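The block underneath contains the structure these notes are about, expressed in structure tokens.
The values are calculated or read from the model by the stated rules, or taken from the named source; none is laboratory data. Quantities reported herein were computed from a predicted structural model and do not represent experimental measurements. Positions of Cβ are generated from backbone atoms using ideal geometry, with glycine treated the same way; all protein chains shown enter the neighbour counts.
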Amino acid sequence: ILIVWQLCNYYYYSFIIMSTYLVAGAGGFIGGHLVKSLMSQGHNVICADVKPLQYWFQLFDENKNYSFDLKEYENCLKATKGVDYIYNMACNMGGMGFIENNKAECMLSVLINTNLLRACLINKVKKYFFSSSACVYNAKKQKEVFIPGLKEEDAYPAEPEDGYGWEKLFSERMCRHFTEDFGLETRVIRYHNVYGPMGTYDGGREKAPAALCRKIILAKMNKSNSIDVWGDGEQTRSFMFIDDCLEGTQKIFNSKLTDVYNLGSDEQVSINQMISILEEISNFKVEKKYQLDKPKGVRGRSSNNDLVKKILNWSYKIRLKDGLKMTYDWMKIEIDKHGSNISRFTKS
Ligand code: GKE
């Protein structure tokens with residue numbers, strides 16, 4: 001009788017707790033890590049990404065994996081069928097080298113968010129998450145280095161990053177109005193430069209942490225003692241490691257919080273300081289060749305996490321030097337194993 005009772009209990013709770021999630025952008029960096037995390041919790045995960053499956057950072061055959069364009073409403077209806085919850089991590093994006101030169105393409109990501117929200121209503125999805133970005137913040141508040149951390153209210157008056165930032169800010173507001181007008185539960189987070197293993201590190205979409213890891217790995221491998229650095233290296237940022245991103249994202253998603261929240265680190269460093277950390281990790285000194293004509297973005301940016309700390313008691317745990325070490329080590333193995341011409345995840 002006890003065994004039967006325990007089995008009933010197991011199936012009752014697994015039915016209650018085990019849900020079906022759609023991860024849009026599952027082939028990407030954050031999406032891939034999120035899929036793995038949700039699977040480890042026993043959930044059923046449906047994955048969708050515009051990239052062909054062979055370019056997904058993390059692919060799990062046990063999941064339903066769609067390789068199609070979520071800008072198309074029909075594909076959104078198909079991907080959201082029978083789904084309880086959605087994490088929308090899908091957008092056409094990258095570091096400054098990409099978003100500064102692909103403003104219209106970045107804005108077209110609004111179709112993904114719009115059509116997924118519409119499909120949520122048709123397929124009665126319980127809750128929807130939208131990944132916004134620090135690029136929504138007013139440029140005027142980011143004109144100096146080592147600025148005070150940006151607070152959520154600093155997005156207004158609106159002057160976001162051209163193209164990409166406007167799409168993110170517009171889509172934040174669309175989520176709010178789908179909640180107000182249609183009762184769809186939504187959650188929105190502004191990410192501050194998320195980095196870590198199993199992410200883009202070449203091909204033009206890479207962000208600074210991965211780009212500089214790659215440059216130092218290749219410089220050491222090729223015994224060349226200089227690397228190209230965009231800007232003068234004094235510009236400052238804060239960078240959040242992927243594990244902190246995953247924990248904070250799911251904590252906010254599973255909470256009752258319905259406003260927009262920062263998720264980032266307040267460990268603000270200059271690019272030159274980040275390079276010094278990488279020189280220590282690699283045990284290899286480099287001369288920095290500054291390219292002032294390259295895309296630089298804002299002069300200074302950092303995240304103020306007071307709100308999410310106060311309400312949810314969340315703060316990042318992984319310091320930049322530790323996160324960079326894990327990223328560097330992963331990338332070194334990748335490059336040693338698969339060669340340095342182009343990452344196997346980058347669609348040529
Ligand atoms: N990507 C890259 N590659 N950036 C470099 C490099 C390099 O080789 N060398 C120096 N940098 C400098 C850039 O000029 C910029 O000033 C700083 O590092 C950070 O560049 P980034 O990581 O490409 O992107 P941003 O932080 O400026 O902006 C990104 O913010 C994210 C949210 O925090 C956006 O591109 C989005 O990826 C996202 O919104």
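Brief remarks follow.
- Filter result for Ile281 (farther than 28 Å from Lys151 by Cβ, over 23 Å from the mean Cα position of the chain (by Cα) and surrounded by 21 or more Cβ atoms within 10 Å (Cβ to Cβ)): no
- For first residues located in the stretch 96-121 and touching a residue at least 12 places away in the same chain (Cβ under 8 Å), partners that are β-branched (Val, Ile, Thr) and lie 6+ apart or on another chain with Cβ distances below 6 Å form the pairs Cys106/Ile99; Ala119/Thr80.
- Gly25 of a type in the set (Gly, Ala, Ser) and at negative phi: no
- Search result, residues across the stretch 51-82 that are surrounded by fewer than 20 Cβ atoms within 10 Å (Cβ to Cβ) and of a type in the set (A, V, I, L, M): Leu53, Leu59, Leu77
- The one condition from (1) closer than 16 Å to Leu108 by Cα; (2) assigned to a loop (DSSP other than H, G, I, E, B) that Cys76 does not meet is (2).
- First in the stretch 147-171 and part of a loop (DSSP other than H, G, I, E, B), second anywhere and crowded, with 24+ Cβ neighbours inside 10 Å and of a type in the set (S, T, N, Q), Cβ under 6 Å, 6 or more apart: Gly149/Ser302; Gly149/Ser303
- Residue check: Ser67 meets all listed conditions (1) under 15 Å from Ala26 (Cα atoms); (2) within 16 Å of the ligand (Cβ to nearest atom); (3) of a type in the set (Gly, Ala, Ser) but one, namely (2).
- On the stretch given as the stretch 50-66, residues that are in contact with a Leu (Cβ under 9 Å, 6 or more places away or on another chain) and closer than 23 Å to Asp244 by Cα total 1.
- Single match in Val229, Val194 (criterion: under 17 Å from Lys294 (Cβ atoms), touching a residue at least 40 places away in the same chain (Cβ under 8 Å) and near the ligand (Cβ under 10 Å from one of its atoms)): Val229
- Whichever residue in the stretch 85-99 is assigned to a loop (DSSP other than H, G, I, E, B) and near the ligand (Cβ under 8 Å from one of its atoms) and, among such residues, is farthest from Tyr195 (Cα to Cα): Met93
- Some residue of the stretch 174-186 being within 16 Å of the ligand (Cβ to nearest atom) and closer than 14 Å to Ser131 by Cβ: no
- Only one of the numbered conditions (1) surrounded by 15 or more Cβ atoms within 10 Å (Cβ to Cβ); (2) at pLDDT 95 or above is not met by Lys289, and that is (1).
- Number of positions in the stretch 299-346 that are of a type in the set (Gly, Ala, Ser), surrounded by fewer than 17 Cβ atoms within 10 Å (Cβ to Cβ) and assigned to a helix (DSSP H, G or I): 0
- Any chance Ser255 is hydroxyl-bearing (Ser, Thr, Tyr), more than 18 Å from Ser226 (Cβ to Cβ) and not in a strand (DSSP E or B): yes
- Qualifying positions in the stretch 114-132 - polar (S, T, N, Q), surrounded by fewer than 24 Cβ atoms within 10 Å (Cβ to Cβ) and either within 16 Å of Val188 (Cα to Cα) or within 16 Å of the ligand (Cβ to nearest atom) (or both): Thr114
- If you check Phe345, Phe241 for being of a type in the set (Phe, Trp, Tyr), more than 16 Å from the ligand (Cβ to nearest atom) and in contact (Cβ under 8 Å) with a residue 40 or more places away in the chain, only one passes: Phe345.
- Residue within the stretch 188-210 that is surrounded by 21 or more Cβ atoms within 10 Å (Cβ to Cβ), more than 30 Å from Glu334 (Cα to Cα) and not aromatic (Phe, Trp, Tyr) present: yes
- Among the candidates Ala208, Ala219, the residue that is within 11 Å of the ligand (Cβ to nearest atom), touching a helix residue (DSSP H, G or I) at 6+ places or on another chain (Cβ under 9 Å) and within 18 Å of Leu278 (Cα to Cα) is uniquely Ala208.
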